[in-house]
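The structure under discussion appears below in the form of structure tokens.
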Amino acid sequence: NAGVTQTPKFRVLKTGQSMTLLCAQDMNHEYMYWYRQDPGMGLRLIHYSVGEGTTAKGEVPDGYNVSRLKKQNFLLGLESAAPSQTSVYFCASSWGVTVSNQPQHFGDGTRLSIL
Amino acid sequence: QQPVQSPQAVILREGEDAVINCSSSKALYSVHWYRQKHGEAPIFLMILLKGGEQKGHDKISASFNEKKQQSSLYLTASQLSYSGTYFCGTEMRGGTSYGKLTFGQGTILTVHP
């Protein structure tokens, strides 16, 4: 049972390049989330999804796009990478129709550096 | 709208106790607590749903004061394995706030032998 798997684990990009981060979960969870974590800032929500085919903006959505074509996968795209997007990105998923009584399960993170 | 955690850092010796606080300026529906070790993913500790609710997990417990819009995490008889960064995640009441968490900036806990 893999839980939440993120690929790649590390990546270095040049400014202006594009890339897609993949998150896959095998727990049949409805909710999926993308966070970024910067020193001293905690986890900030980028986008999230409450089910297959749905997405919504979080706190810091600018410069990112997402898609959830399949229930088990949640993709995060950077169309034109900027140095300010250097961060550690975490994907998470949770079961059920509300986050209130359901824990979030996190992947191991993707460390992204943009030069 | 980010909840504020205090203290920012705490250093303990094994066996000592600690309290980490999480305060919000908005009315809360639930509070989640997570622990993250360096270079690893955050791990779920507990969720508090109702005002006044207290939960325990081994020697780690938490309370939720809905009226004061705050939660506290209590670590008693600390162990070396308790070291890490602790985050509270708050789900605020109302409208589009349900269904997502806003995390505090974290409290770094270091336990020495």
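Of the residues B:Gln1, B:Gln8, B:Gln70, the single one that is open to solvent by 50 Å² or more (accessible area, probe 1.4 Å), over 26 Å from A:Val4 (Cα atoms) and away from chain A (no Cβ under 13 Å) is B:Gln70. Residues in region B:73-92 that are open to solvent by 10 Å² or more (accessible area, probe 1.4 Å), over 12 Å from B:Gly106 (Cβ atoms) and of a type in the set (Val, Ile, Thr): B:Thr76 alone.
For the structure I just gave you, tell me whether A:Gly40 is more than 11 Å from every other protein chain (Cβ to nearest Cβ), in a loop (DSSP other than H, G, I, E, B) and out of contact with any Cys (no Cβ under 8 Å at 6 or more places or on another chain).
Numbers: more than 11 Å from every other protein chain (Cβ to nearest Cβ): no; in a loop (DSSP other than H, G, I, E, B): yes; out of contact with any Cys (no Cβ under 8 Å at 6 or more places or on another chain): yes.
Spelling it out, it is not the case that A:Gly40 is more than 11 Å from every other protein chain (Cβ to nearest Cβ), in a loop (DSSP other than H, G, I, E, B) and out of contact with any Cys (no Cβ under 8 Å at 6 or more places or on another chain).
Pick out the one residue from B:Leu45, B:Leu101, B:Leu49 that is within 12 Å of chain A (Cβ to nearest Cβ), open to solvent by 10 Å² or more (accessible area, probe 1.4 Å), under 26 Å from A:Glu30 (Cβ atoms) and touching a residue at least 24 places away in the same chain (Cβ under 8 Å).
On the way: B:Leu101 fails: open to solvent by 10 Å² or more (accessible area, probe 1.4 Å); B:Leu49 fails: touching a residue at least 24 places away in the same chain (Cβ under 8 Å).
Among B:Leu45, B:Leu101, B:Leu49, only B:Leu45 is within 12 Å of chain A (Cβ to nearest Cβ), open to solvent by 10 Å² or more (accessible area, probe 1.4 Å), under 26 Å from A:Glu30 (Cβ atoms) and touching a residue at least 24 places away in the same chain (Cβ under 8 Å).
Which members of region A:23-44 meet the condition of being touching a residue at least 12 places away in the same chain (Cβ under 8 Å), open to solvent by 20 Å² or more (accessible area, probe 1.4 Å) and within 19 Å of B:Gly106 (Cβ to Cβ)? Matches in region A:23-44: A:Arg36, A:Gln37, A:Asp38, A:Arg44.
Is there a residue being of a type in the set (Gly, Ala, Ser), surrounded by fewer than 16 Cβ atoms within 10 Å (Cβ to Cβ) and more than 8 Å from chain B (Cβ to nearest Cβ) anywhere in region A:87-94? For region A:87-94, residues of a type in the set (Gly, Ala, Ser), surrounded by fewer than 16 Cβ atoms within 10 Å (Cβ to Cβ) and more than 8 Å from chain B (Cβ to nearest Cβ): absent. The one condition from (1) within 15 Å of the chain's Cα centre (by Cα); (2) closer than 20 Å to A:His105 by Cα that B:Leu75 does not meet is (2).
Cβ-Cβ distances below 6 Å connect the following pairs, each with a first residue in region A:50-66 that is over 20 Å from A:Gln85 (Cβ atoms), a second residue that is open to solvent by 50 Å² or more (accessible area, probe 1.4 Å), and a separation of six or more residues or different chains: A:Gly51/A:Glu30.
Answer yes if at least one residue in region A:49-56 is more than 14 Å from chain B (Cβ to nearest Cβ), under 15 Å from A:Tyr31 (Cα atoms) and of a type outside the set (S, T, N, Q), and no otherwise. Reasoning before the result, please.
So in region A:49-56, the residues more than 14 Å from chain B (Cβ to nearest Cβ) come out as A:52-53.
Adding the requirement that they be under 15 Å from A:Tyr31 (Cα atoms) leaves A:52-53.
Among the residues that remain, those that are also of a type outside the set (S, T, N, Q) are: A:52-53.
Within region A:49-56, one or more residues are more than 14 Å from chain B (Cβ to nearest Cβ), under 15 Å from A:Tyr31 (Cα atoms) and of a type outside the set (S, T, N, Q).
Within region A:1-22, the residues that satisfy the criterion of being part of a strand (DSSP E or B) and open to solvent by 30 Å² or more (accessible area, probe 1.4 Å) are A:Thr5, A:Thr7, A:Phe10, A:Arg11, A:Val12, A:Thr20, A:Leu22.
The values are calculated or read from the model by the stated rules, or taken from the named source; none is laboratory data. Everything numeric in this text was worked out from a predicted model, so none of it was measured. Backbone-built Cβ (ideal geometry, glycine too); neighbour counts: all protein chains shown. Surface areas here come from the heavy atoms of the whole protein model, side chains and all, with no ligands, DNA or RNA. Shrake-Rupley method; radii C 1.70, N 1.55, O 1.52, S 1.80 Å.
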